[in-house]
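So the structure is just underneath, and the comments pick up after that.
The values are calculated or read from the model by the stated rules, or taken from the named source; none is laboratory data. These figures come from a predicted structure and were not determined experimentally. Neighbour counts run over all protein chains shown; Cβ positions are idealised from the backbone, glycine included. Ligands, DNA and RNA are stripped out before the accessible areas are found, and what is left, the full protein with its side chains, is counted by its heavy atoms. Shrake-Rupley method; radii C 1.70, N 1.55, O 1.52, S 1.80 Å.
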Amino acid sequence: MMHTKKQSPARGLAVLAIVSVLVLGMGTAVRMVGLQKMQTRLIDEYGDHQALQPFQLSAYSRFQAENAITFVALENGQLSGQVFPEQVRLPENASLPDDFDDLNIITIAPEERDAVNQKASYSGNTATSSAQSLWVMRLITLPDNTSLRLHIADYQADEPVEVMSYPAAWSGMDWDVFGDYGRQAYPQWTSNLYVRWGDSWMIGLNKDSILYQPGIWRVTESLSEEEVQTLPTDGKVQYGDISVDVLNKSTEYGSVELFYVPQNLEEILKCVTLDQYLGVLYQDTDGNIRFDLVDENASCLQQELIFQDVGTEYSCTQVNTQQADQSCFVLGLHQGTDYRIVSLQIDQSGKLEWIDLPGNLLNDGSLLPGTTVIQRSDDGRYLLFVGREENQIQVDRAFQQVDSLSYPIGYRLNVYDLNEKDVVYSGLLDTGAAKVWGSYVKNPSFMFYGLAGELLSLNRDYYTVFPQEAQGGTTND
């Protein structure tokens, strides 16, 4: 790693712009220059480089097209990077962004199945019928590739709704509700309230789960895909003269047990781990946002009032901290007009400490969710913000079509002093990607042969993960 020095005027809070993921986009550079050992340099633009010493950060980007992983680490103020061009394995605690799926399925109630089959009609490869009594099932897929399905509510349609099935699609197909019936009351996609705590998966269920008490539930059983496929069929779907055995979509499998319910619970926002404890961020019935620190016996050790009377419209996103004793959230309060950054930490005595900062510290708090790494120093005084920087150009492709293209020029590291309430260090991590992108942009062929569209889609096949605790590297399979 090279290290250079460059001074520029103080940039204040504007330095923190829009925070993004440390190595997001690094795969683009790797693709173009080949899988070689990564060469990085850190350009100090403002403040003292020593401000980075309290922080340790690591990140892995996996590029599926190249079957490779890049590893970047910040340790003792120094950055290093490496590419692993062989089949590699991410560390066990490096959860992927799309590891958890939480899907609502609206299907026919079991008691209506016979009537639905009797009035079914068949045309081509599609069977149609109608139903009014519906069940809402929640299909939860965990990061360990197991799943469970819970019957969370009943739904009675005002009028018969169309249901369809496609015998040519795949075996085991059941009746599907056609259209948007029930989607407003029970949206298809639900919030991802889950965390791995000790040896168990914990999930949060809210009031839309009418048949399950709102609270934190421990998963006691979940099934692999192979185990689901071996479940006995318990229903039939009529395709004209043919009756096909199916596993009902109204069938529960797997199991959960109630673990913890916050007092005066209105809605769970997030569940997280803080060292050996479970943390629950929620809104109470008075409209306040609170945080409970819970032990293995489901006892609340400490409760903190985070914000009072935030209203009914708000948003909450968990921010990556990479430290086991830290957690961070971005809260959009009062109909999204006020954004706050809340950082929580367990001190050496096991006591929960927290601070909140204005969301405009990062220019626009609404752009922060899902794209951020924030870390507090051990002494609690400094915060490290990490975000991608990029250039944007207008590309004339063909037939007078103009595309807007962004390409990475580096990664911004900002250290914020909570005492001085200002940025004390800002540096740019340069991976050389800008030079590679520049060579393509200057290539005359870029304008005419669709390269712009290809470059715009290069990021589809890779993702970046941040293990909760900094790791030393990856392991070859």
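Each residue of the stretch 42-51 was assigned a 3J(HN,Hα) from its phi angle through the Karplus expression (A = 6.51, B = -1.76, C = 1.60, θ = phi - 60°), giving 10, 9, 6, 9, 7, x, 8, 4, 4, 5 Hz with x at Gly and Pro. Take the stretch 134-272 with all the other protein chains still there, run a 1.4 Å probe, and you get 50 Å² of accessible area per residue. Each Cα pair of the stretch 171-307 feeds into the Kirkwood radius, which the Stokes-Einstein equation turns, at 10 °C and 1.306 mPa s, into a diffusion coefficient of 91 µm²/s. Cα centroid distance between the stretch 285-311 and the stretch 180-234, in Å? Result: 23 Å between the Cα centres.
Could you tally the net charge around residue 225, taking each other residue with its Cβ under 14 Å from the Cβ of residue 225, Lys/Arg +1 and Asp/Glu -1?
Numbers: positive: 149; negative: 101, 144, 226, 227.
Every neighbour counted, the sum reads -3.
For the stretch 197-251, pairs of C-alpha atoms spaced more than 14 angstrom apart make up 70 percent of the total.
Considering only protein heavy atoms and a 1.4 Å probe, what is the carbon-and-sulfur percentage of the accessible area of the stretch 108-151?
Working: 740 of 1750 Å².
Taking all protein chains in place, the stretch 108-151 shows 42 percent carbon and sulfur surface.
For residue 161, the residues whose amide H sits under 5 Å from its own are 131, 132, ignoring neighbours fewer than 5 places away on the same chain, with H placed 1.01 Å from N. What the phi angles of the stretch 282-294 give under the Karplus curve with 6.51, -1.76 and 1.60, with θ = phi - 60°, is a coupling list of 7, 9, 8, 5, 8, x, 8, 9, 10, 10, 9, 9, 10 Hz, glycine and proline written as x. Classified by the C-alpha gyration tensor, the stretch 144-214 has an oblate form. Its axis ratio a/c, with a ≥ b ≥ c, is 1.5 or above, and a/b does not exceed b/c. Express in % the proportion of alpha carbon pairs of the stretch 258-327 at distances exceeding 17 Å. Across the stretch 258-327, Cα pairs with separations above 17 Å total 41 percent. Karplus-derived 3J(HN,Hα) values for the stretch 377-390, using 6.51 cos²θ - 1.76 cosθ + 1.60 with θ = phi - 60°, are 6, 4, 7, x, 8, 10, 10, 9, 10, 10, x, 7, 10, 8 Hz; glycine and proline are entered as x.
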